[in-house]
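The values are calculated or read from the model by the stated rules, or taken from the named source; none is laboratory data. Computed from a predicted model, the values in this text were never measured in an experiment. Note that we place each Cβ from the backbone using ideal geometry, even for glycine, and neighbour counts take in every protein chain shown. Ligands, DNA and RNA are excluded from the accessible area calculation, which covers all protein heavy atoms including side chains. Shrake-Rupley method; radii C 1.70, N 1.55, O 1.52, S 1.80 Å.
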Amino acid sequence: MMESLAAVAAAASTTLVAAMATDAWGAARSGLVQLFRRDEEPEQGALITLLESEAALVARAGDPEAARRQLAPAWQLRLAQFLQAHPEVADELRELTRRLQEELPAQQRQWVQHVEARDHGQAFGAQGGNVIIHQEGGPGRGDRPA
C-alpha cells in the first residue's frame, strides 16, 4: 500500500477510536458508514454492529483510554484494507478525520496523534511507548566528513 494511504488509515483509526463513547461518536459512526457505502449492504449492517459493539466496550471499560489503545490497531488494519480496495476515498477519509478531530473533547484530542513527514523526511511517533532510532552516519545521511 502506498505510504500516504497507510498514514491516512493510521490517523483515521486513532481519531475514530478517540471518538468512541464521546459526544463526537454519532458523527464518527455516520461518517464511517457513509464512507463504507461502497461495500455491499449486508456488510454495512455488520459494520454498524461492529462500530456499536466496540463503542460500547469503550463506554463500559474501567480504563477507556486503554480500550481505545487496544482497538486502534484493528481499525487501522480495517481502514488500510478498505483504502487499498478504494483508494479514491482517501481524501474523503482525510476530511472526515479532520472534522472529527475538531469535534473531539479536549481529553481525546490529546490522545490523537498525527505524525507526518514530507519531502523525503522521516517522522517517528509512538503512543504509550518509546521510539528509539539508531542510524549510522555516512554519505548521503547529512553527516560531515570526518
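Is the C-alpha gyration tensor of segment 1-85 telling us rounded, prolate or oblate? Criteria: a/c under 1.5 is rounded; beyond that, a/b larger than b/c is prolate, otherwise oblate.
Verdict is oblate for segment 1-85.
Ranked from highest to lowest mean number of other Cβ atoms within 10 Å per residue, what is the order of the peptides 31-38, 84-91, 5-12?
Peptide ranking by packing, descending: 5-12, 31-38, 84-91.
How large, in percent, is the carbon and sulfur part of the accessible surface of segment 30-109 at a probe radius of 1.4 Å?
For segment 30-109, the apolar C and S fraction of the accessible surface comes to 52 percent.
Given a Förster distance of 25 angstrom, what is the FRET efficiency for Gln70 paired with Leu50, based on the Cβ-Cβ distance and rounded to 0.05?
0.95
Can you give the net charge of the other residues whose Cβ lies under 15 Å from the Cβ of Ala66, counting K and R as +1 and D and E as -1?
Here the count lands on 0.
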